[in-house]
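Nothing in this text is a laboratory measurement; each read-out follows from the coordinates by a stated rule. Because the structure is a prediction, the values reported are computed rather than measured. Cβ coordinates were reconstructed from backbone atoms using ideal geometry, including for glycine residues, and neighbour counts include every protein chain displayed.
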């Protein structure tokens, strides 16, 4: 099929390449000339496993075209995916500026029947709003249908999720549009949930809200474990054996980050307010997470009282391993607190980005993992990168001024820590 994806960000690029691999003819449109220039050359603009290979294959097989020409993208497609950014506003609501801009462009250039598919995470009622907007721009209903098709991608495993998703959700109000979308997804061989647009829009928020709640719940249990001498890992294991609960998203730590969970939980609260529904559980989830991500600072100040002038190492800047995304990363909040307390910050991340270097030019970024520990009074682990679990703890200890680890992701084995004789604080597993 002829597919246009508007937006070459994380969601848009994965979708464009995914549909290309599935033998569709894809145009990926973005107004950012530099992004398109790089993509045409086969240069990835985001970090994601397998992206290089899929980009190269789609270009070589002529399954994808990258362009800044939105008119061409709209006119030469059967299906138009909107995958532009919907960042949060200061009050937690969703900024729909980019979506509105795309709708106006579609109204300018639409030349025959198209299925307009919203892939961006948007408030409930957006499908109807988009239809009204197109009508108000003078476009007759015979020229379009609007469908909601939310994405469920994990950063670091996006292509795995795209091709092997648990479910494909399609919110529609036209049998013609349902038929087009069914044809597009026919060879995916995955469960398709057909529903109305409002339900499809809410499914994305409900999924992320529930998973975020699960994380905050186990983190509160972990905090109690630290007070009573319990072990949260044993609790998580026992809970996960219950088929009604499952073991996923039960790893205690310093909270969730990224572009989805923080944004979508806040947006869900705002959506509830609009319709007179008070999301008390989601509000609590957000509050727990806000406190959880600076738990290491609390432990550090309980130990030292004053960290002014001390070198503190921060290991892991991204919100999770397998990505270069620092959005809402707990490490950012920890660094802010360290700077407030006048500590000297040294950090390391295997995917350290220009974004964080521009944000914090005053801290030291190490290219070598072990250099991060030189003369350090504490090492705070914020991201569970695999190379951290393989650290030589004796070498780490020798480099530190005082061998103290605060393990925000429960990376290390207690027995290894004991052998190295390192002071150690974990999350929900007590301390040594």
With springs connecting C-alpha atoms under 10 Å apart, model the chain as a Gaussian network and identify which of 247, 350, 44 has the largest mean-square fluctuation. 247
Counting other beta carbons within 10 Å of each Cβ, put 415, 160 in order, fewest first. 415, 160
Can you tell me which of 92-103, 222-233 comes out highest on packing, and rank the rest after it, using the mean Cβ neighbours within 10 Å? 92-103, 222-233
Compute the angle between helix 126-136 and the longest alpha-carbon principal axis of the chain, please, reported from 0 to 90 degrees and rounded to the nearest 10. 40
Looking only at 396, 211, 89, which one moves most when the chain is put into a Gaussian network model with springs between Cα atoms under 10 Å? 89
Just from its helices, what would the mean residue ellipticity at 222 nm be for the chain, if runs of 4 or more DSSP H residues each count -39500 (n - 2.57) and the sum is divided by every residue, rounded to the nearest 500 deg cm²/dmol? -13000 deg cm²/dmol
Below 8 Å, C-alpha to C-alpha, sequence gap of six or more: please give me the relative contact order for segment 204-291 in percent. 37
Antiparallel content of DSSP bridges confined to segment 1-117, in %, to 5: 5
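Which whole-number percent gives the relative contact order of the chain, counting Cα pairs below 8 Å spaced six or more residues apart? Don't skip to the end; give the middle numbers.
Details: 826 pairs, mean separation 49.8, N = 432.
Value for the chain: 12 percent.
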Can you give me the Cα centroid spacing of segment 149-199 and segment 223-294 in angstrom? 27
Counting only DSSP beta bridges with both residues in segment 2-195, tell me the antiparallel percent, nearest 5. 5
Folded to 0 to 90 degrees: helix 10-21 orientation relative to the chain principal axis, Cα: 60
Principal-axis tilt of helix 261-274 within the chain, Cα atoms, nearest 10 degrees: 60
Exposure proxy check on 429, 190: fewest-to-most Cβ neighbours within 10 Å is 190, 429
Most fluctuating residue given options 18, 322, 272, as computed from a GNM of the chain linking Cα atoms under 10 Å: 272
How far is the Cα center of segment 338-390 from the Cα center of segment 37-57, in Å? 28
